[in-house]
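This report refers to the structure that appears directly beneath it.
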Amino acid sequence: MISVIVPTLGTKPEELKRLFESLNNQVYKDFEVIIVSQDNHNYITSVLKDVNFKYNHIEIDRKGLSLARNVGIEHAKGSILTFSDDDCWYNDDSFQVVVDYFHENLETDVACFQIYDPIKNVYYKEYDEEEQKQVTTGKLLKKSSIEIFIQTANIERSLIQFDEKFGLGAIYPSGEENIFLFDLARHNKSISYFPKVVVNHEKPDMQTRLYEKSFIGKGPLFKRMYNTPTAVVLLTLFTLKKYRHLEEPFGYYSKAFREIFRYEKK
């Protein structure tokens, strides 16, 4: 069984209905959906009346993407685990593709796939064309949470956990999935990549992604994954790469640099 964890604030009604419809239409039916609502609980309850899949609706009063995912993980029963956004949606055969992949690759602990934007008719990011049995550390920085599927029997439960200082609604609003994968790789878990689209999501423009708080969080993100000297180098290279997309590149860099030294690794 696949467990799909869906954190939501209930503020995107049309997108949430689209997600639930795509789940209703899955060819592979052996899955559960764990909806962790952090607001608008009654609305979520009303929308769930029209679904035909198994679900568990959990209401919490605190907000934070990584927090909600960790709550969902505690209730997940599937042998495969994935994390959905409330504004993404799946192809009819998405879960079948994932199950078939794991059946053919039993040694794989984590499999990463592709995200596509069928509205703009573009891939969500630049993807490699070739399958990879072991994703390199550098490429873990380019993965998004909704393309990740975990074979739970292969991984100690204590390792399936997000750092709640990172992710939307947290101190640092991005990078939680990169830390998650990096921690698994550090524990010698195999992380593969298969070039197949399994989830859809509208692609934001670069300016939308790299707002000030998100950029500042890159410094602590690099420190969390590596160490202080490496974080400084990576932040510098990242700034140079994204320079033309930043409103105030020098100001952003200065604040992110200082945040490296403020952040204390757990």
### Query
So, in nm, how far is label Asn105 from label Met1 when the simple model puts each one 7 Å beyond its Cα toward the Cβ?
2.5
### Task
Provide the per residue accessible area, probe 1.4 Å, for region 81-141, rounded to a whole number of square angstrom.
48
### Task
Estimate the FRET efficiency between Asn24 and Lys77 by the formula 1/(1 + (r/R0)^6), using the beta-carbon distance for r and 22 Å for R0, to the nearest 0.05.
0.65
### Summary
Sorted by accessible surface (1.4 Å probe, heavy atoms of the protein chains only), largest first, Met1, Met225 come out as Met1, Met225
### Message
Between Glu202 and Ser158, what's the calculated FRET efficiency when r is the beta-carbon distance and R0 is 41 Å? Round to 0.05.
### Response
0.75
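Between Leu237 and Ile119, what FRET efficiency follows from the Cβ-Cβ distance if R0 is 41 Å, with the result rounded to 0.05? If you can, show how the numbers build up before the last one.
Working: r = 32 Å, r/R0 = 0.78.
FRET efficiency, Leu237 to Ile119: 0.80.
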### Summary
From the Cα centre of region 166-197 to that of region 38-103, the distance in Å is 18
### Under 25 Å from Lys265, Cα to Cα: lysines that are on another chain or at least 8 residues apart
Lys63, Lys139, Lys142, Lys143, Lys165, Lys189, Lys213, Lys218, Lys223, Lys255
### Task
Name the shape class, rounded, prolate or oblate, that the alpha-carbon gyration tensor gives for region 122-189, where a ≥ b ≥ c are the square roots of its eigenvalues, rounded holds for a/c under 1.5, and otherwise prolate holds if a/b is larger than b/c and oblate otherwise.
oblate
#### Entry: Potential extension, Lys17-Glu126 segment - 0.36 nm per residue separation minus Cα distance
36.4 nm
### Message
If I model a spin label at Thr137 and Glu212 as a point 7 Å from the Cα along the Cα→Cβ vector, what separation in nanometres do I get?
### Response
3.4
### Message
Computed from the coordinates I sent, semi-axes √(5λ) of the Cα gyration tensor in Å equals one of (1) 37, 23, 16; (2) 43, 19, 16; (3) 29, 21, 18. Tell me the label.
### Response
(3)
### Message
Taking a virtual spin label 7 Å from the Cα of Asn188 along the C-beta vector, which residues in region 135-160 bring their backbone nitrogen under 13 Å of it?
### Response
none
### Task
List, largest first, the extents of the alpha carbons of region 57-188 along their principal axes, each in whole Å.
41, 37, 31
#### Entry: Phi-based couplings in Hz for region 158-167 (Karplus 6.51, -1.76, 1.60; Gly and Pro marked x)
5, 8, 8, 7, 9, 6, 6, 7, 10, x
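The values are calculated or read from the model by the stated rules, or taken from the named source; none is laboratory data. Small disclaimer: the values here were computed from a predicted structure and weren't measured. With ideal geometry, Cβ positions are generated from the backbone for all residues, glycine too; neighbour counts draw on all protein chains shown. Surface areas here come from the heavy atoms of the whole protein model, side chains and all, with no ligands, DNA or RNA. Shrake-Rupley method; radii C 1.70, N 1.55, O 1.52, S 1.80 Å.
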